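Following: one structure in structure tokens, then a few remarks.
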Amino acid sequence: MHNNLIQIENLHKRFNDLPVLNGVNLSIGKGESIVVIGQSGCGKSVLLKHLIRLMEPDEGRVFFDGENIAEFMGDSLVSFRRRFGMLFQSAALFDSLTVAQNVGLGLKESRRFKDEQIDEIVIEKLEMVGLASSADKYPAELSGGMRKRVGLARAIANNPEVLLYDEPTTGLDPITADIINDLIVELNTRLKVTSVAVTHDMKSAFKIADRIVMLYEGRIEFDATPDAVRTTDNPVVKQFITGQARGPIQVR
Amino acid sequence: MEYGVQSIGRRGVNFINRTGGLCILLGRFFVALKDVPRSMGLIFEQFYIIGVKSLPLIIIISIFVGAVTAWQAAYQFKFIGAPLRYLGHMVGKAVIMELSPVLSALVFAGRVGAGIAAEVGTMKVTEQIDALDSMGINPVRYLVMPRILACLVMVPILVLFSDFIAIMGGLVISVLGVDISTETFMSGFRDSFKLADFRNGLIKALVFGLIIGLVGCYEGFRTREGAVGVGRSTTNSVVISCVLILVFNFIFAIILFRL
């Protein structure tokens, strides 16, 4: 039995009167690897951003380690966020900084490490993602897959307890996508972190998840192990994982 | 009819939203000033990008501003029969009190304000600002404070340069084109020079710098919807900065230069 690290209660979010999250309830245990699946634009990334308070809910609460994250302010918000690492959909690397500076930025700005320590950590993390030789390159010189790997190295630089992955394999070729998946599995087991990934790539979901959650019409439609997802009779989940145009899911 | 009323209402709400947003960002900028000592590297980088790199453009426009002021003044003097020994007086006053601060600020809004809005806006739509937040780095301290501070410091310094160069431009045209001597031009300028005018011009420049930095950052932060959004923010930042500069210039004219 997992202890709940993250607890989402009745989360609502609207954009321009259009409901995106419509009462999401979800518990995430310590050390679990959860994958949230769902159609493009169904609110997966919005849900992920609420976990680290990059967005504020219209209604509902998110608890982290038993504390309501809406109550964090100033320094407590900074310390809370430092317990997370996040890989963004477009990797979100800083164009004006080199790969090494990107990975070390959070450490440098936290003022808890000396420059030599930061250099060591940066090289260690870049070696973990196989990019130590690209430390002095700029993001514009890297391919999509390399940028994601730098994004991963940056996400783990701070030794976070929770890793959030926003569409980690989107826009990559199948082989590079698989390399990223392997890397995520390796990092999750090696660093023993809790991880939450959102994706619509089912191959990736089956590979990295302990538990798969499907978001549909702003709510959690299905919550089960990957094996149970494969064999389910739920028509919504079935349509999604088999990629059928016809079925209960209407494409807007 | 209903559409018209709705449109006015929406514009009104937008205006209030923007004004409130600018005030909040200004407050957060002042709070972030406490972190100036630890952000010196970022601040000096912006001093260079925003200030030093604007110098060539400011020099070019100042030469022509001074030159055309002298030429137009001489033309009007001839028309009304005023003595040309007042040309230095006229050029000096016009440049120091109005032309240098206002034209430099307008050009600066186009070059620097647009650049800030485009850079911050691109960072917003590519999730780089979210990435800063997710790492516990305050984007106002990391991005906004160094940029606004650089505008605050650099616009008055550039206006100083502009004052000097525009007057030199006026002098050259007066000597070569209007055919008065350097001594006549300079004595007219010296006799009319008041330190208060010069100081008031710099106070205006300080406020214009604040407007340009603040509006550029704010419009950048408001950016949505990809490349189109970045384009819109860039345009908005220039338009809003220019309008505010001219409105505040009028307010300053009433307060600082009483009839």
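Quick check: is even one residue across the range B:70-77 in a loop (DSSP other than H, G, I, E, B) and either at pLDDT 85 or above or closer than 16 Å to residue B:184 by Cβ (or both)?
Of all residues in the range B:70-77, those in a loop (DSSP other than H, G, I, E, B) come to none.
No, the range B:70-77 has no match at all.
Among the residues of the range B:101-142 satisfying the criterion of being within 8 Å of another protein chain (Cβ to nearest Cβ), out of contact with any Pro (no Cβ under 7 Å at 6 or more places or on another chain) and acidic (Asp, Glu), which is surrounded by the fewest Cβ atoms within 10 Å (Cβ to Cβ)?
The residue in question is B:130.
Scan the range B:1-56 for residues that are in contact with a Pro (Cβ under 9 Å, 6 or more places away or on another chain), of a type in the set (S, T, N, Q) and under 20 Å from residue B:211 (Cα atoms) and jot them down.
Scanning the range B:1-56 gives a single hit, B:46.
Between a first residue in the range B:27-38 that is within 14 Å of chain A (Cβ to nearest Cβ) and within 15 Å of residue A:109 (Cβ to Cβ) and a second residue that is assigned to a helix (DSSP H, G or I) and basic (Lys, Arg), which pairs have beta carbons less than 9 Å apart while being 6 or more apart in sequence or on different chains?
Pairs that qualify, where the first residue is within 14 Å of chain A (Cβ to nearest Cβ) and within 15 Å of residue A:109 (Cβ to Cβ) and the partner is assigned to a helix (DSSP H, G or I) and basic (Lys, Arg), are B:32/B:141; B:35/B:141; B:38/B:141.
Could we say that residue A:92 is in contact with an Asp or Glu (Cβ under 6 Å, 6 or more places away or on another chain) and either in a helix (DSSP H, G or I) or of a type in the set (A, V, I, L, M, F, W, C) (or both) here?
Details: in contact with an Asp or Glu (Cβ under 6 Å, 6 or more places away or on another chain): yes; either in a helix (DSSP H, G or I) or of a type in the set (A, V, I, L, M, F, W, C) (or both): yes.
For residue A:92, the condition - in contact with an Asp or Glu (Cβ under 6 Å, 6 or more places away or on another chain) and either in a helix (DSSP H, G or I) or of a type in the set (A, V, I, L, M, F, W, C) (or both) - is met.
Do the conditions hold for residue A:23, that is, is it touching a residue at least 40 places away in the same chain (Cβ under 8 Å), in a strand (DSSP E or B) and on the phi > 0 side of the Ramachandran plot?
Working: touching a residue at least 40 places away in the same chain (Cβ under 8 Å): yes; in a strand (DSSP E or B): yes; on the phi > 0 side of the Ramachandran plot: yes.
It is true that residue A:23 is touching a residue at least 40 places away in the same chain (Cβ under 8 Å), in a strand (DSSP E or B) and on the phi > 0 side of the Ramachandran plot.
Looking at the range B:179-226, which of its residues are free of Cβ contacts under 8 Å to residues at least 12 places away in the same chain, part of a helix (DSSP H, G or I) and not charged (D, E, K, R)?
B:182, B:195, B:196
Go through the range B:182-202 and report how many residues are in contact with a helix residue (DSSP H, G or I) (Cβ under 7 Å, 6 or more places away or on another chain) and not polar (S, T, N, Q).
10
With the requirement that a residue be of a type outside the set (A, V, I, L, M), surrounded by 18 or more Cβ atoms within 10 Å (Cβ to Cβ) and farther than 14 Å from residue B:133 by Cα, what does the range A:64-97 give you?
Across the range A:64-97, the qualifying residues are A:64, A:89, A:90.
Within the group B:113, B:51, B:88, which residue is touching a Gly at 6+ places or on another chain (Cβ under 7 Å), within 18 Å of residue B:153 (Cα to Cα) and assigned to a helix (DSSP H, G or I)? Spell out the reasoning first.
Details: B:51 fails: touching a Gly at 6+ places or on another chain (Cβ under 7 Å); B:88 fails: within 18 Å of residue B:153 (Cα to Cα).
Only one candidate passes the filter, namely B:113.
Counting only residues that are exposed (fewer than 15 other Cβ atoms within 10 Å of the Cβ) and under 19 Å from residue A:164 (Cα atoms), which one in the range A:41-60 is nearest to the other protein chains (Cβ to nearest Cβ)?
As a first pass, look at the range A:41-60 and keep what is exposed (fewer than 15 other Cβ atoms within 10 Å of the Cβ): A:41, A:56, A:58-59.
Subsequent filtering for residues that are under 19 Å from residue A:164 (Cα atoms) retains A:41, A:56.
Details: A:41: 14, A:56: 12 Å.
The qualifying residue nearest to the other protein chains (Cβ to nearest Cβ) is A:56.
Would you be able to tell me the number of residues in the range B:167-212 that are out of contact with any His (no Cβ under 7 Å at 6 or more places or on another chain), small (Gly, Ala, Ser) and surrounded by 14 or more Cβ atoms within 10 Å (Cβ to Cβ)? Write out each step before concluding.
At the first step, the residues of the range B:167-212 found to be out of contact with any His (no Cβ under 7 Å at 6 or more places or on another chain) are B:167-187, B:190, B:193-212.
Still in the list and also small (Gly, Ala, Ser): B:169-170, B:174, B:177, B:181, B:187, B:196, B:201, B:205, B:209.
Next, from what is left, pick out any that are surrounded by 14 or more Cβ atoms within 10 Å (Cβ to Cβ): B:169-170, B:174, B:187, B:201, B:205, B:209.
Going through the range B:167-212 one residue at a time, the tally reaches 7.
Residue A:105 versus (1) more than 8 Å from chain B (Cβ to nearest Cβ); (2) in a helix (DSSP H, G or I); (3) in contact (Cβ under 8 Å) with a residue 40 or more places away in the chain; (4) not basic (Lys, Arg): which is the lone unmet condition?
The single condition residue A:105 does not satisfy is (1).
Within the range B:146-166, is there a residue that is in a helix (DSSP H, G or I), away from chain A (no Cβ under 14 Å), buried (at least 23 other Cβ atoms within 10 Å of the Cβ) and of a type in the set (Ser, Thr, Tyr)? Spell out the reasoning first.
Kept after step one, since they are in a helix (DSSP H, G or I), are these residues of the range B:146-166: B:146-166.
Next cut, away from chain A (no Cβ under 14 Å) only: B:148-166.
From what is left, the residues that are buried (at least 23 other Cβ atoms within 10 Å of the Cβ) are B:148-151, B:154-155, B:158-159, B:162-163, B:166.
Then keep just the ones that are of a type in the set (Ser, Thr, Tyr); that gives B:162.
Yes, that holds for at least one residue.
The values are calculated or read from the model by the stated rules, or taken from the named source; none is laboratory data. Small disclaimer: the values here were computed from a predicted structure and weren't measured. Glycine gets a Cβ as well: all are built from the backbone with ideal geometry, and neighbour counts include every protein chain shown.
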